[in-house]
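The values are calculated or read from the model by the stated rules, or taken from the named source; none is laboratory data. Keep in mind the model is a prediction, meaning the values are calculated, not measured. All Cβ positions, glycine included, derive from the backbone under ideal geometry; neighbour counts span all protein chains shown.
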Amino acid sequence: MALTAPLVHNAFPKTPIIPFHGESLPSSSSFISSPLTLSRSSSLLGNHSLSRKQFVVFARKVSGLEEAMNIRRERELRVVTKFKKRPPLKRGRVSPGLPVPDHILRPPYVGTNILPEIASEHQIHDSEGIAKMRAACELAARVLNHAGTLVRPSITTNEIDKEVHQMIIDAGAYPSPLGYGGFPKSVCTSVNECMCHGIPDSRQLQNGDIVNIDVTVYLDGYHGDTSKTYFCGEVSDELKNFVKVTEECLEKGIAACRDGALFRKIGKKISEHAEKYGYGVVERFVGHGVGRVFHSEPIILHNRNEKPGRMVEGQTFTIEPILSMGSINSITWPDNWTTLTADGSPAAQFEHTILITKTGAEILTTC
Ligand code: MF3
Ligand code: CO
Ligand code: CO
């Protein structure tokens, strides 16, 4: 993913931000005009010594307080039943990036710290290119599956980074994120409300967390890019369903692909599925051509859109929808990478690199 979607082809306006953390009590008109329901026998009235006027004022105060408490209780209940509120994600310490042996081929952006432009050429391969894409993507899938086996309460995302880094180096490949536009580590680890681009750090995963691990490798001049969202320990049924639907969205998107198909069918299929469950499809981050270059055209929008263009046999690109249980708007930390849902609600993502064929799409990032 990684890319900011151009706004031009979006068919629908953005949804407003609904604050989730630290929201204030809504003002309620019933606070001042709710009917008086205290009975005359209420102990609050004491020895009937209150005048009618005093009674009204006093009752209004009680009513207002009750109303405020009701609103609060309702809101808390809503959050608990929708998804158990987890403490907001805090950043840990980020250790220095790991060394890469000299004999390993580096992508051209390494050492520049400049975020590369999205290359304009689509990536369409001959049989030799396809063979190399297969190899890179298979390695990415193997590394991702291994990373997934490490997910458990108390492991740090930095430890996951270390293992991912080592496995990629051992295979003679380069971890594509390391040094991409200054990204400091070898893999992205995005926890709970983190939509994407989480930087591995000293934070220990907690029981009930979800974590997306996004692996990209550069092998023999080709990138393979894939991610999955994993459960850490016991995760609530609501979250489990949310993550399952996100994976299904990726599958629906892939099923829309074949030589000659419109790119915009992908966003339509994904949106239809997410909407069925009331989840939001994030618009800011998109899929992309991938191959010799990490990020190129075509930009793949996961939301409904009117973008023109059709798929071509031999072409490789990613599909990588991010869903949110709440707001699809995002905020990015001052590290310029870590991106969270604006309202703190959980986000999940799955990604594959696919190859367009005459009759469909082949998922390259499998093993
Ligand atoms: N793997 C991400 C993608 O799916 C890109 C990560 S770029 C990084 O496109 F610099 F954040 F690693
Ligand atoms: Co990608
Ligand atoms: Co990726």
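Go through the stretch 166-207 and give me each residue that's β-branched (Val, Ile, Thr), more than 14 Å from ligand 1 (Cβ to nearest atom) and assigned to a strand (DSSP E or B).
Val191
Taking the conditions exactly as written (away from ligand 1 (no atom under 16 Å from the Cβ) and crowded, with 24+ Cβ neighbours inside 10 Å), does Thr353 satisfy them or not? Spelling it out, it is not the case that Thr353 is away from ligand 1 (no atom under 16 Å from the Cβ) and crowded, with 24+ Cβ neighbours inside 10 Å. Contact annotation: residue pairs with Cβ atoms under 8 Å, 6 or more positions apart or on different chains, pairing a residue in the stretch 225-249 that is farther than 23 Å from Lys268 by Cα and away from ligand 3 (no atom under 15 Å from the Cβ) with a partner that is among the small types (Gly, Ala, Ser) and at pLDDT 95 or above, are Cys232/Gly208; Gly233/Gly208; Glu234/Gly208; Val235/Gly208; Ser236/Gly208; Leu239/Gly208.
Assessment of the stretch 118-135 against the conditions (on the phi > 0 side of the Ramachandran plot and more than 15 Å from ligand 3 (Cβ to nearest atom)) yields no matching residue.
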